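A.B. asks: Following this message is one structure expressed as structure tokens.
The values are calculated or read from the model by the stated rules, or taken from the named source; none is laboratory data. Given the structure is predicted, the values throughout are model-derived calculations rather than measurements. A quick note on method: Cβ atoms are made from the backbone with ideal geometry, for glycine too, and the neighbour counts reach across all protein chains shown.
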Amino acid sequence: MPDRIQLLPDHVANQIAAGEVVQRPASVVKELLENAIDAGAKNIQLIIKDGGKTLIQVVDDGMGMSVTDARLSFERHATSKIRNADDLFHLSTKGFRGEALASIAAIAHVEMKTRPGTDELGTLLCIQGSRVTDQEVITTPVGTSVAVKNLFFNIPARRNFLKSKQVELRHITDEFHRVALAHPAIGFQYFHDGNELYNLPETNHRQRIVHLFGGKTNEKLVPVSEETQVVEISGFICKPEFAKKSRGEQFFFVNDRFIKSPYLHHAVSAAFEGLIRSDVHPGYFLYLKVDPGSIDINIHPTKTEIKFDDEQTLYAILRSSVKHSLGQFNIAPVLDFER
Ligand code: ADP
Ligand code: MG
């Protein structure tokens, strides 16, 4: 029998990888914001047009890239963040897979402008569907700007699958909230179709929550604080009377990364038992710090699900510290229960 197997060309492999990394404009927003944070940015601008369908741009004042790095950044598995498999157990960056820019450039028109602080001039790179269409030496501020246009231009099925501008914008805003909540020490501006939606100054966790969710949020928040060998917990829970039927104000951050965890959500809900009705959900903004060696972030390309070494202990600590906070602030049952 003749041999039948071939290696896929890079642009095809990138397009396949993109299918996993980029579900919608919000996925691009997440990847670009995370790159800006990993680059040490102090200020980040997010500029969106038409719900991300025509433009998604992130401008940062981070470390920028040399010409060679700018070119390499669009190669698959090209990363400055890890060097070997061991590094996976000591991650301090958001990225490490070296896939995002390659994936995005495979399915969109990308324009990158970048300059490191050490250089007088910067680089402009234009890439369309994995093909470099322009490279120039330019004047540009220190840092990096990545503009992504015409997402899914070469995958009509995906482009048609995009929802309305409002729905895509909502997903982008959700993503923005998560990143902004995780990094109060970074200033963020967010524009949509020329309107400023948020202008967030550098601040602390509490103020960042209030800036994002409105002044009334402040009185809802009860601090949570716990330090153990396994985990350090900080942040806030919302008072039981503010529990809502709809989900939306539930945030877990593990080592400054937003994660989804039905298991940990259950731990918090369990602490609220007897204080809220079973058909409503408590709000919370909880920041967990754990040893990076005790978690595995590499189980899902978008990295919103992670695996903990000792989930049960974490559950118990979380539940008891939330309970403790509720007790300390004299929060007794206030609701009439319909049993
Ligand atoms: P990863 O973040 O997993 O390393 P990416 O494809 O997102 O993979 O980025 C590839 C590389 O490009 C990064 O490792 C980083 O060195 C560089 N890079 C990307 N975005 C920026 C940025 N905004 N500022 C500086 N360097 C960047
Ligand atoms: Mg990245």
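A.B. asks: Looking only at the range 224-254, how many residues end up being within 20 Å of residue 92 (Cβ to Cβ) and either touching a residue at least 60 places away in the same chain (Cβ under 8 Å) or assigned by TED's automatic domain parsing to the domain that holds residue 170 (or both)?
C.D. replies: Of the residues in the range 224-254, 4 are within 20 Å of residue 92 (Cβ to Cβ) and either touching a residue at least 60 places away in the same chain (Cβ under 8 Å) or assigned by TED's automatic domain parsing to the domain that holds residue 170 (or both).
A.B. asks: Something else: Looking at 111, 99, which one is within 16 Å of ligand 2 (Cβ to nearest atom), of a type in the set (Asp, Glu) and in contact (Cβ under 8 Å) with a residue 12 or more places away in the chain?
C.D. replies: It is 99.
A.B. asks: Can you confirm whether the range 106-127 contains a residue that is assigned to a loop (DSSP other than H, G, I, E, B), loosely packed, with under 15 Cβ neighbours inside 10 Å and of a type in the set (Val, Ile, Thr)?
C.D. replies: Yes, because at least one residue in the range 106-127 is assigned to a loop (DSSP other than H, G, I, E, B), loosely packed, with under 15 Cβ neighbours inside 10 Å and of a type in the set (Val, Ile, Thr).
A.B. asks: Given the criterion free of Cβ contacts under 8 Å to residues at least 40 places away in the same chain and closer than 30 Å to residue 77 by Cα, identify the matching residue among 299, 295.
C.D. replies: Just a single option satisfies the conditions, and that option is 299.
A.B. asks: Does residue 48 fit the bill of being farther than 20 Å from residue 126 by Cα and in a strand (DSSP E or B)?
C.D. replies: no
A.B. asks: Answer yes or no as to whether residue 107 is assigned by TED's automatic domain parsing to the domain that holds residue 23 and farther than 20 Å from residue 41 by Cβ.
C.D. replies: yes
A.B. asks: For residue 209, work out the one condition from (1) out of contact with any Pro (no Cβ under 7 Å at 6 or more places or on another chain); (2) closer than 26 Å to residue 42 by Cβ; (3) not in a helix (DSSP H, G or I) it doesn't fulfil.
C.D. replies: Just one mismatch for residue 209, condition (3).
A.B. asks: Considering the range 43-82 alone, what residues qualify as being within 15 Å of residue 190 (Cα to Cα), aliphatic (A, V, I, L, M) and within 13 Å of ligand 2 (Cβ to nearest atom)?
C.D. replies: If the condition is that a residue be within 15 Å of residue 190 (Cα to Cα), aliphatic (A, V, I, L, M) and within 13 Å of ligand 2 (Cβ to nearest atom), then 58 is the only one that fits.
A.B. asks: Report those strands (runs of 3 or more DSSP E) wholly inside the range 228-339 carrying at least 1 residues which are basic (Lys, Arg).
C.D. replies: In the range 228-339, the matching strands (runs of 3 or more DSSP E) lie at 257-259, 284-289.
A.B. asks: Filter the range 83-96 for residues that are over 15 Å from the mean Cα position of the chain (by Cα) and more than 18 Å from residue 307 (Cβ to Cβ); which is nearest to ligand 2 (Cβ to nearest atom)?
C.D. replies: 83
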